Amino acid sequence: MPSAIDTNMRFKFSILALLLEVIIIVLFGIFVEYDNRDASHTLYPFFQDVHVMIFVGFGFLMTFLKKYGFSSVGINMLIAAFGLQWGTLMQGFWHMQGGKIHVDIKSMINADFSTATALISFGAVLGKTSPVQMLILTILEITIFACNEHLVTEILQATDVGASMTIHAFGAYFGLAVTFILYRPGLKNKHQNDESTYHSDLFAMIGTLFLWLFWPSFNSAIASETIYQINAIVNTYYSLAACTVVTFALSSLVDERGKFSMVLIQNATLAGGVAVGTCADLSIQPFVAIGIGSIAGIISVLGFHFLTPLLASKLNIQDTCGVHNLHGLPGILGGIAGIIVTAIREEVRQGVHFSPSMQAAALGSTIGIALVGGALTGGILKLPFLGQASDQNCFDDSVYWEVPEENLHEIHSNNCDEHNRFEANM
């Protein structure tokens, strides 16, 4: 006989998911049509790379939890599949022509970008939310993201080709605000399932490698001209390489035994791709990109080692994946790099002069909107009727997934062992 949480989840989630898809079908029927003037077919290889990053890279990066791999990959796929449809609409409403949203390869890339914000935030609350909550978070976050992106790129006219600010910093601080509101005192002492195994860490490394290899495409896909795309590819390539070397060096340095930490290698090696994003297409020269990547590696490693425990113990921010260190801090670094570069060197694109004041305004507004939007979203997700797993059932696939029998037996045995230990201590 199914448990109450199983039954509630089945009906709430299924009804919500189907209702949302019906709404999307109706909205697509009214507003969306092909762009018959589409000249973006040359972007398809970039789209493929970004698509792999969203579904494979982000999904497998979060499989490090020993009993939450199904949810990491599966809910990631759900968020991305729903989010790219919702993102098409939310971004498209800002650029309608003749009352219609025209879709092409570039708009598909941008739709994938919009889902990245929700996937980053998913990392902050990983293991602690239900599928219903994640669908609602995706709706709200992508809607707010589209508004902030319009503010940054169209009103402030700031440059952010690789979206250090609009995607990475936004997604990180939105997720941190959500997890702050959804704080679970019962998880203050580390949950038994909030850890990895040898094989789960190896699976997560697959995600890291896919993201690392395709990040030059992420940062260059929507650059306005071929020369700027090449700049972005080259700068990201070298920034990632430098960041990786620095991460390995510091990973060994901060460990008392001088050993490498797989958590740092999985995450901090990617910080260079985040940090160089804002100015990736600018003429900064490769040595500057290497410098940005090196600094990104330093702040990411130090963030994981010192800041994450502090946020959890002092500020009640339980950041499961450490998105603050991979996306938040490097995203701010990217925004600052954009301010410095535009202050030193005049950059003009399609008649728009990029100024350091507008870059600073873009960074500040992005973080502010993310924090406020995340806090409001967290308040909505906290509503009792939405339901969520108990503290005891966090980080456990078996709450929402069918899992193989041997895993069920292992879980049952572990629960029995814990019960016996509890009885023995009474």
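The values are calculated or read from the model by the stated rules, or taken from the named source; none is laboratory data. The shown structure was predicted, so the numbers you read here are calculated from the model rather than taken from an experiment. Glycine gets a Cβ as well: all are built from the backbone with ideal geometry, and neighbour counts include every protein chain shown. These area figures cover heavy atoms from the full protein model, side chains too; ligands, DNA and RNA do not enter into them. Shrake-Rupley method; radii C 1.70, N 1.55, O 1.52, S 1.80 Å.
The relative contact order of the chain comes to 23 percent, based on Cα pairs under 8 Å that sit 6 or more residues apart.
The accessible-area ordering, largest first, of the residues Tyr198, Tyr400, Tyr44 stands as Tyr198, Tyr44, Tyr400, per a 1.4 angstrom probe. Judged by the gyration tensor of its Cα atoms, with axes a ≥ b ≥ c, the chain is oblate; a/c meets the 1.5 cut and b/c is at least as large as a/b. Relative to the longest principal axis of the Cα atoms of the chain, the long axis of helix 405-425 makes an angle of roughly 60 degrees. Pairs of Cα atoms nearer than 8 Å and 6+ residues apart set the relative contact order; for the range 105-260 it is 22 percent. Seen against the Cα atoms of the chain and their longest principal axis, helix 105-125 is set at about 40 degrees. Each Lys and Arg Cβ is given +1 and each Asp and Glu Cβ -1; about its Cα centre, the range 1-125 then shows a dipole of about 400 debye.
Mean sequence separation of contacting Cα pairs (under 8 Å, at least six apart), scaled by the length of the range 329-374, corresponds to a relative contact order of 35 percent. At a Cα cut-off below 27 Å, give the lysines reachable from Lys190, other chains included and same-chain residues fewer than 8 away excluded. Candidates past the 8-residue exclusion: Lys66, Lys67, Lys128, Lys259, Lys314, Lys382.
The order of the peptides 180-189, 218-227 by mean Cβ neighbours within 10 Å, most packed first, is 218-227, 180-189.
With equal scatterers on the alpha carbons only and no solvent term, can you work out the Debye log10 of I(q)/I(0) for the range 42-105 at 0.20 1/Å? Debye output, listed in q order: -0.85. Using the Cα gyration tensor of the range 11-69, with a ≥ b ≥ c the square roots of its eigenvalues, what is the shape: rounded (a/c below 1.5), prolate (a/b larger than b/c) or oblate (neither)? The shape class here is oblate.
Distance between the modelled labels on Ser313 and Glu256, one decimal in nanometres: 1.4 nm (7 Å Cα→Cβ projection). Rolling a 1.4 Å probe across the protein heavy atoms gives the chain an accessible surface of 44 Å² per residue.
Here the range 356-407 has 66 percent of its accessible surface on carbon and sulfur atoms, given a 1.4 Å probe and all protein chains in place. To the nearest ten degrees, helix 286-302 and the longest principal axis of the Cα atoms of the chain are 20 degrees apart. Counting only Cβ charges, +1 for Lys and Arg and -1 for Asp and Glu, the dipole size of the chain around its Cα centre is about 700 debye.
When the charge dipole of the chain is built from unit charges on Cβ atoms (+1 for Lys and Arg, -1 for Asp and Glu) and taken about the Cα centre, the candidate among Tyr68, Phe260, His353 whose Cα reaches farthest toward its positive end is His353.
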